[in-house]
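Scroll down for the structure; my scribbles are underneath it.
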Amino acid sequence: MDTNRFFREATLRICGNLEVEQAFLSVLRFLRREMPVDRMSLQLYEKELKAVRTVAIATAGEAKEVDILTPLSKEAQQQIEQRIRLQDAQPHLHLVNKQTPRIYQEMFRFHGIRATSFIVMPLNVGDRYIGSMTLITKNEVFSLKHVELISLLKEPFVIALSNTLRYHEVVQLKNMLKDDNRYLFQEIRHLTGDEIIGANFGLKEVMNQVQRVAALDSPVLLLGETGAGKDVIANAVHYSSSRKDGPFVKVNCGAIPESLIDSELFGHEKGAFTGALAQKRGRFERADKGTIFLDEIGELPLPAQSRLLRVLQHKEIERVGGHKTIRLDIRFIAATNRNLEEMVRNKQFREDLWFRLNVFPIRIPPLRERKADIPALVQHFISKKAKELKLPGAPRLASDAVDVLMRYDWPGNVRELENVVERNLILNPEGPLRFEELSRGMARNASVFATEETWETLDAVTVRYIRRVLSKTNGRVNGKGGAAEILGINPNTLRNRMRKLGIKYHKK
């Protein structure tokens, strides 16, 4: 096909459909007649978030509009920013090998892409870089002739990307005017597991475990620090299961006075005690045909633990003051930030209840162990809190804001990050957001440590402690009595940390 006809045919497909995914699918199928392209994607560089946002993906079978943030390492950020500064608007052909630029290595790894070669075409409007188009082949290799053909389509792709960006702006405005009923419904459901920030990165292992257990009725025990997001994962388990259309009842075991626990959980009959003026269904009964989430299960008093054990074993209850046995079809999810095994040893938690609950434990890593999720979490909270605070728009981040957030250790985890974002929006609603209080706090801590001469680095202390545990387990990481169990973390997480710290281990 001559170049004039190629340009005309491709342009008609790129600009001939208002739906970006349909336009992408059409142009990809056309391009496959002329070159061995298997995948095509459109992406933006979010400088403030230090991440790449993919907005559209097309393969031979389908195309879809997406909104996926890929976190970048410092080296990858520098590479892409250098290319933007050089204002290089020409498409580039790359072979996939050890010399592949770091940014593309990270993108392919994040999206699980295998390729032999790829073409990247920067998209500029004048001197302003707005994004890039990437074409990938899995088995064959692109040629310079293919690069020349793609370069002809620069302007149509710029138009397509500009239209996509404007469409997203319209969607954002439309979202601010959603119907009240839909807004209230979303507020009630909060996060239902349909989209988990970090599901493809820091929480990937957690979400794999969620997918394995969601379809079953087995009890799930969520372990993690306060504020790590155990309630979000509980939502994900329920709304990924066959019970998703049934009730999801949450119980904060530490917030119910001991004298009211039986009434709250089991319900009561009229006249069962002074003040029981009418029959009341308890939380267990309300969760029938659905899921009950027992948050902070470690706070439940021992007498209540005994009664909970019966519900777990027999799936039946009796209301306070009643004699009728009520059968339940219910799924149990429990969560705690406490060490239940230690509580069992100290006779503070029933051993038989522990065995019943510990069928499928899932550890939610603290935010300091998944800092790559921070850019996406920050964007999510800025958008959410801007709506709650009725701001006219979401303020932008200062250029070094993400770096400040990444350096902080987040003892309060995701909940603390949400509160920090809300506080900064209140103090500086027009932006840019700088999170200066975190910088000042870290500077104070650094000055305190600088006055001491005998302090070790955290890595040095960690290495010494892990080696001490390994000496006790004869180098064994996995299994009963292994180092991972003693340290209370997932074996894969421990291995990754040991590899990073240069600690050798047995591959078992």
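What the table shows:
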quantity: Filtered residue count, segment 116-146, keeping only those that are crowded, with 21+ Cβ neighbours inside 10 Å and among the small types (G, A, S); calculated: 3
quantity: Subset of segment 233-266 (residues that are β-branched (V, I, T) and either touching a Ser or Thr at 6+ places or on another chain (Cβ under 9 Å) or within 17 Å of G298 (Cα to Cα) (or both)); calculated: V237, V249, V251, I256, I261
quantity: Segment 201-254, residues that are polar (S, T, N, Q), under 18 Å from R415 (Cα atoms) and either assigned to a loop (DSSP other than H, G, I, E, B) or without any contact (Cβ under 8 Å) to a residue 12 or more places away in the chain (or both); calculated: T226
quantity: Residues (modelled with pLDDT under 85 and of a type in the set (A, V, I, L, M)) located in segment 144-158; calculated: V158
quantity: Hits in segment 93-124 - residues which are of a type in the set (A, V, I, L, M) and within 18 Å of E140 (Cα to Cα); calculated: L93, L95, V96, I113, A115, I119, V120
quantity: Single match in P411, P429, P392 (criterion: exposed (fewer than 13 other Cβ atoms within 10 Å of the Cβ), more than 22 Å from the chain's Cα centre (by Cα) and assigned to a loop (DSSP other than H, G, I, E, B)); calculated: P392
quantity: Check on K98, among the charged types (D, E, K, R) and in contact (Cβ under 8 Å) with a residue 40 or more places away in the chain; calculated: no
quantity: Hey, L309 in a helix (DSSP H, G or I), surrounded by 14 or more Cβ atoms within 10 Å (Cβ to Cβ) and in the same structural domain as R281 (by TED's automatic domain parsing) or not; calculated: yes
quantity: Residues satisfying the stated conditions in segment 339-357, i.e. buried (at least 16 other Cβ atoms within 10 Å of the Cβ) and not in a helix (DSSP H, G or I); calculated: F349, R350
quantity: Any pair with Cβ under 6 angstrom, 6 or more apart, that starts in segment 391-406 at a residue that is assigned by TED's automatic domain parsing to the domain that holds F435 and ends at one that is of a type in the set (S, T, N, Q) and part of a helix (DSSP H, G or I); calculated: A394/S383; V404/S439
quantity: Failed item, numbered, when E34 is tested on (1) closer than 27 Å to R13 by Cβ; (2) buried (at least 21 other Cβ atoms within 10 Å of the Cβ); calculated: (2)
quantity: Answer residue from segment 450-481, given it is surrounded by 10 or more Cβ atoms within 10 Å (Cβ to Cβ) and modelled with pLDDT under 75 and is nearest to Q379 (Cα to Cα) among those; calculated: D459
quantity: Conditions (1) closer than 30 Å to F435 by Cβ; (2) part of a loop (DSSP other than H, G, I, E, B); number of the one not met by P36; calculated: (1)
quantity: Those residues of segment 2-15 which are surrounded by 12 or more Cβ atoms within 10 Å (Cβ to Cβ) and either of a type outside the set (K, R) or not in a helix (DSSP H, G or I) (or both), in sequence order; calculated: F6, F7, E9, A10, T11, L12, I14, C15
quantity: Residue list for segment 347-389, filter: within 20 Å of E225 (Cβ to Cβ), hydrophobic (A, V, I, L, M, F, W, C) and over 20 Å from the mean Cα position of the chain (by Cα); calculated: F349, W354, L357, F360
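The values are calculated or read from the model by the stated rules, or taken from the named source; none is laboratory data. All figures in this text were calculated on a predicted structure; none of them were measured in a lab. We place every Cβ from the backbone using ideal geometry, glycine too, and count neighbours over all the protein chains shown.
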